[in-house]
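Note sheet for the following structure.
Throughout, read-outs are computed from the coordinates displayed, never taken from laboratory work. Computed from a prediction, not measured in an experiment: that's the story for all the values here. Here the Cβ is made from the backbone with ideal geometry for all residues, glycine too, and neighbour counts use every protein chain on show.
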Amino acid sequence: MTLGLAPARRASPRAGSLAATLLGSALRGWQEEVNHSADGPDGTLFAYVRDGVICIFEGRWDGGDDSDPSVKPDDEYKGAGHCAAGLPWQD
């Protein structure tokens, strides 16, 4: 299963709030899979598992240019999610 999200606008990039923003209470009962997690200045990736299903979510945005602070980053962000069943390590 693939979940697509239309580009959206935001006031500032905050990777930590992306899960709550995109998914709200839909993650209740799911366990975070910390081995599938990464954050950076231009995006985030995180995963949750439940009953042998893993869902991986990704958010991307323009983190700006550290070498030129006068460049204003775009305030658009994009997100997507992908789910798969039959996890071999979840038997």
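What shape does segment 40-90 take by its C-alpha gyration tensor, where a ≥ b ≥ c are the square roots of the eigenvalues and a/c under 1.5 counts as rounded, a/b above b/c as prolate, and the rest as oblate? Spell out each step's value before the answer.
Numbers: a/c = 6.52, a/b = 3.40, b/c = 1.92.
Prolate, since a/c reaches 1.5 and a/b exceeds b/c.
Stretched out straight at 0.36 nm per residue, the stretch from ASP68 to ASP51 would grow longer than its current Cα-Cα span by 1.5 nm.
Other residues within the sphere of radius under 9 Å centred on the Cβ of TYR48, judged by their own Cβ, net out at -1 (K and R +1, D and E -1).
Here the 3J(HN,Hα) profile of segment 71-86, calculated from phi with Karplus coefficients 6.51, -1.76 and 1.60 at θ = phi - 60°, is 7, 8, x, 5, 9, 8, 10, 10, x, 8, x, 9, 10, 9, 10, x Hz, Gly and Pro shown as x.
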